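Data block below; observations after.
The values are calculated or read from the model by the stated rules, or taken from the named source; none is laboratory data. What you see is a predicted model; the values in this text were computed from it and never measured. Virtual Cβ from ideal backbone geometry, glycine too; neighbours counted across all protein chains shown.
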Amino acid sequence: MYPMKISSRTVGYVLGIVFGAFCCSVAPAQEVDSSQVGRFQLAESFMRAAQYQRAISLLEGLYDDSPETHVFYERLREAYESVKRYDAAIALVDKKINQETSPTIYVADKARLQFLKGDEATARLTWQSAINTDPSSSSVYLLVYRSLMQVRLFDFSIEILEKGREYLGNNSLFQTDLAQLYNLTSQHDKATIEYLDLLSVNQNQLNYVRSQMGPFLTTPESLEKSITVVQAGVATEPLNRSYREFLAWLLVEDDQFRPALDVYRAIDRLEREEGKMLFAFAGVASDGGAYDVALEAYDEVLRRYPLGPAAPDALRGLGLMQEKWAETLGEAVFDERGQRLPRNHFDEALDTYQRFLIDYPQHPMFPDVLRRIGLLHQDVFYDYTSAYTVLTEVIGRYPQTIVADQAAYDLGRLAVMENRLEDARLEFSRLLTRLRTGDLADLSRYELAMLHFYKGEFDTAQGFTEAMQENTSTDVANDAISMKVMLIENRGPDSLDVPLKSFSRTKLLSRQRQWDTALHQLDDLLAAFGSHPLADDISFDRAELLAKTAEPEKAIAAYLELSLFFPGSFLADRSLFGAATIQYKVLGDNTAAIATFERILKEYPGSLLITATREQIRRLRGDELL
Amino acid sequence: MMRTVLILFLGVVLTSRVEAQDVLIPMDNSQSDHLKAYGVTFWALERRMDVDWLLNYRGGSFLVTKTPELEAELRVRGVSYLALSGSQTASLISTVESDASNTSVVRLEQPPRIAVYAPQQTLPWDDAVLLALSYAEVPYEMIYDDDVLDGALEDFDWVHLHHEDFTGQYGKFFNYRSTPWYIEQQRQAEIAARARGFRKVSELKLRVVEIIKQYVGGGGFLFAMCSGADSFDIALAAHATDIVPEEYDGDPIDPDALSQLDFAQTFAFADFRPIFNAREYEHSDIDSGPPPPQLRNPAVDYFTLFEFSAKYDQVPTMLTQSHVATIKGFIGQTTNFVKKYVKPNVVILAEAPGRGEVRYLNGTFGEGTFTFYGGHDPEDYQHFVGDEPTDLSLHKHSPGYRLILNNILFPAAKKKNQKT
């Protein structure tokens, strides 16, 4: 691409026309001859080349020749400013003031020049005198305000605009300008008042107000100031929806979810939203970790608007939130000895989902809620019969759907837990044949590998893991690689792989939560194959099971034994870490825990757990962590 | 009788030599965390332990008296070390002090009190020195204009300046002038200037620069990176004129600004030209700017450290201790200093080879010293506004960051009172 060729003559014509048009538009009565055009163009080029003195010589001549030509005045003033000849610039502006019948803009400009000259006191008086030229005109205040903004005198700008309001007796003047100035000077309460006034006239400006206020509300103090003002506004105009929404937004920004709930509750009632506002807020509160407030919001939607459009989603949302809440708190339904614990959020979630099924049997999310019930039965309540019934219903009623596939996978896992390994194999195989690719297919492939491992079919299991490790982007690929390594390292010594087969059975028993049986078998295995390469794996699993079955002292002893008997094992550092974790978490013995953690630093300096170990030592000894 | 006393004396001395054990913190490629090693050394100095810096020996290693607490701290911080017996230490010292090698021992005596000159306001870029000090767990205090004007520098041995603009042009972030952080930065600076009776921010900054200069003259240590380095000298050179464009201070630059620059006032640079274009993200032609396009690539952009005599030029040797001689480059608002503008009395510590560009320099002024280091973040080739701070746990061996940390230990090698 090449630039278009334009001759200098053409440029001259164009400039002449533009210049002529400009002059006409500014002052129609002015006459500018061609020599003046040429001199002016030359002065402009001097200005661009920063040769101000030469430009000034030309512009002074032009101005003397034609003082009424505005553009000559304007450029000459600029040139004086460029070389900081403020006195000359002020004298020029004075001349202009004397010529003009309404000189306010020039008086304000004179004040600006006086400020730049360093004479701030005089400048302030001059700005004031600019106001005095016509104090009853709002535009005069705006002229002076813009002049002040050029030199960033925010406080004085505020003073001028406030005086203008007072003089003119109109508090709605200069709203957005003042609000911006108040924000710039950290007077967020005053800015908020201005924006409230704006909203009282036009509620549709709420998004604009939020966008203007948002960037300045960066500290708790600024939010607090704004909240106080808007609360007062809401009290004064309780029916103004935008005020309430503004307040609720500020409260959420300040993480004050409970007061925000009150505000949304009021909006919902006043505006007959039938729970929609409350439902939206409940999601926000839940995401913000304010579960108790979210619970209240969901409850209110369901109690007050059971037939409203938001009710089904609120019920499902409530169930999801209760599950999340339980996970955040680390809740369980049974303790380590298998005793039922008191009702907790998992029970609430189950009840909520069941209520959903009864209340909204035709809802599109019905299958998903049904499957969630199945999962809770299976993985939280260990109620395998109920889980089977529910998951089978999902598959039967909603075939060929994603939810049905997920339920089929869950059914496969359930079959493993119930020791129906052939059923499990069939379930995973069918799913794999149907899906072939994707996360669920990879998970099914891994489960098939595990099934072959449990059965002692190690070659087949290894074949599956090799197929999986090629797709390293999936989460199960790491598990597959670990299994493959274990299979390669621990087979033998005989062709029947007796130790590994026995070990695989203990793995299955552990998965099926038959911990006591698994523990016994691990003890037997250790006695029989104490020198087999699997011995460290067996010891480690044994220690883990002891920890799970509420035997902390025995678990610590088992972990420490492993590091003693198998110091070269890749599980030795993990054992020490496990022992130290129980020491401080369960037994509360920080000193012993630090000593155990320090053993990792001394004995296994290359451990992958080294960073976590250092962090734990420092946490336990009370260091300030970055 | 005399013989008995002599035997007893020798016995005591020998016994103490056998019992006295030390810890060598190697700083060559065997070190597991170079940056934390500086932190542990600082920690040892704080506890009045004997610390020797073995210049040019295994990457500038440290020798510290062995205590169980020190060993525990080294392990917890992940710093590798070797326990030495008394005889091994003696042999090591003898090797390092021998005339045959360019190595020497410097005793570190007291931990320097460190100040980082930075605003309290959070700005959307990180400060490499703050990152290095935080990661190495070296204590520091933050100071800013008001503290400097109130004489706070007297309380510190070492002052760091990073991405600061001492010319009063707010970093020349013209494109960001509508963002809240820029508005707030400008407003705070204007409030501070007016509160101190200055009409312009540039006047306030000039006063700050002059006080820091006095501090260095009185024996202080100054370390400046990125734009903190060149804008410091630009402000000093422009003390009698106005080089700030109208967009930043409301009035135009002095048309005679160039002729009024006073290079006699500056620390490191002379004969440069400030850049008067408000929209150009550059303060002067001191900065060579990013490397040419063919070299603007982290794989090929690097700079090299000069080697100095450890026995006769200990200051530059301390500042250039590293386990590598070639360090990967990194870009900043100020990246490299153009060599022709560097004053002849300034020591060049590192340069970009074949480009006439200096990366790292050191000089003296009065009783103190200054060190200027180009670039913004040694482990983020091109750090943009709003980028996440660099995670130094992923760069434990960073030679670029090591150069920063050499500077904080360097004042410990010199025991003297501040004269400010």
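Here are a few things to note about the model shown:
- Qualifying residue in region A:487-500 (condition: in a loop (DSSP other than H, G, I, E, B), modelled with pLDDT of 90 or more and of a type outside the set (A, V, I, L, M)): no
- Residue within region A:513-528 that is basic (Lys, Arg) and closer than 30 Å to residue A:380 by Cβ present: yes
- All positions within region B:349-397 that are outside any strand (DSSP E or B) and hydrophobic (A, V, I, L, M, F, W, C): B:384, B:385, B:392, B:394
- Flag for residue B:64 being among the hydrophobic types (A, V, I, L, M, F, W, C), within 14 Å of chain A (Cβ to nearest Cβ) and surrounded by 15 or more Cβ atoms within 10 Å (Cβ to Cβ): no
- Qualifying residue in region B:140-147 (condition: within 14 Å of chain A (Cβ to nearest Cβ), closer than 25 Å to residue B:52 by Cα and either assigned to a loop (DSSP other than H, G, I, E, B) or under 20 Å from the mean Cα position of the chain (by Cα) (or both)): yes
- Near pairs, Cβ below 7 angstrom, 6+ apart or cross-chain, from region A:375-396 (crowded, with 19+ Cβ neighbours inside 10 Å) to any residue that is in a helix (DSSP H, G or I) and of a type in the set (S, T, N, Q): A:377/A:386; A:387/A:378
- Single residue of region A:592-607 satisfying the filter (free of Cβ contacts under 8 Å to residues at least 12 places away in the same chain and farther than 16 Å from residue A:560 by Cα) that is surrounded by the fewest Cβ atoms within 10 Å (Cβ to Cβ): A:606
- Which listed residue, of B:195, B:128, is more than 12 Å from chain A (Cβ to nearest Cβ), surrounded by 18 or more Cβ atoms within 10 Å (Cβ to Cβ) and small (Gly, Ala, Ser): B:128
- Identity of the residue in region B:70-107, among the charged types (D, E, K, R), within 14 Å of chain A (Cβ to nearest Cβ) and in contact (Cβ under 8 Å) with a residue 12 or more places away in the chain, that ends up nearest to residue A:613 (Cα to Cα): B:77
- Of the helices (runs of 4 or more DSSP H) contained entirely in region A:569-626, those carrying at least 3 residues that are more than 10 Å from every other protein chain (Cβ to nearest Cβ), under 36 Å from the mean Cα position of the chain (by Cα) and not acidic (Asp, Glu) fall at A:572-585, A:610-620.
- Condition check for residue B:236: buried (at least 17 other Cβ atoms within 10 Å of the Cβ) and either among the β-branched types (Val, Ile, Thr) or part of a helix (DSSP H, G or I) (or both): yes
- Selection from region A:414-453 of residues that are surrounded by 20 or more Cβ atoms within 10 Å (Cβ to Cβ) and either in contact (Cβ under 8 Å) with a residue 60 or more places away in the chain or of a type in the set (Phe, Trp, Tyr) (or both): A:416, A:428, A:446, A:453
- Listed conditions (1) within 14 Å of chain A (Cβ to nearest Cβ); (2) of a type in the set (A, V, I, L, M, F, W, C); (3) part of a strand (DSSP E or B) are all met by residue B:244, apart from (3).
For every residue, the table says whether it meets (1) within 14 Å of another protein chain (Cβ to nearest Cβ); (2) touching a Lys or Arg at 6+ places or on another chain (Cβ under 8 Å); (3) small (Gly, Ala, Ser).
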site: A:217; (1), (2), (3): yes, no, no
site: A:225; (1), (2), (3): no, no, no
site: A:243; (1), (2), (3): no, no, no
site: A:255; (1), (2), (3): no, no, no
site: A:265; (1), (2), (3): no, no, no
site: A:287; (1), (2), (3): no, no, no
site: A:290; (1), (2), (3): no, yes, yes
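- For region A:191-204, a residue qualifies if it is surrounded by fewer than 18 Cβ atoms within 10 Å (Cβ to Cβ) and part of a helix (DSSP H, G or I), and the qualifying residues are A:197, A:200, A:201, A:203, A:204.
- Selection count where residues are crowded, with 20+ Cβ neighbours inside 10 Å and within 12 Å of chain A (Cβ to nearest Cβ), scope region B:171-189: 1
- Matching residues, region B:178-198, being over 15 Å from residue B:148 (Cβ atoms), free of Cβ contacts under 8 Å to residues at least 40 places away in the same chain and assigned to a helix (DSSP H, G or I): B:180, B:182, B:183, B:186, B:187, B:190, B:191, B:194
- Residues in region A:303-331 that are basic (Lys, Arg) and either assigned to a loop (DSSP other than H, G, I, E, B) or within 18 Å of residue A:362 (Cβ to Cβ) (or both): A:316 alone.
- A single entry from B:264, B:229 fulfils the requirement of being surrounded by fewer than 24 Cβ atoms within 10 Å (Cβ to Cβ) and away from chain A (no Cβ under 14 Å): B:264.
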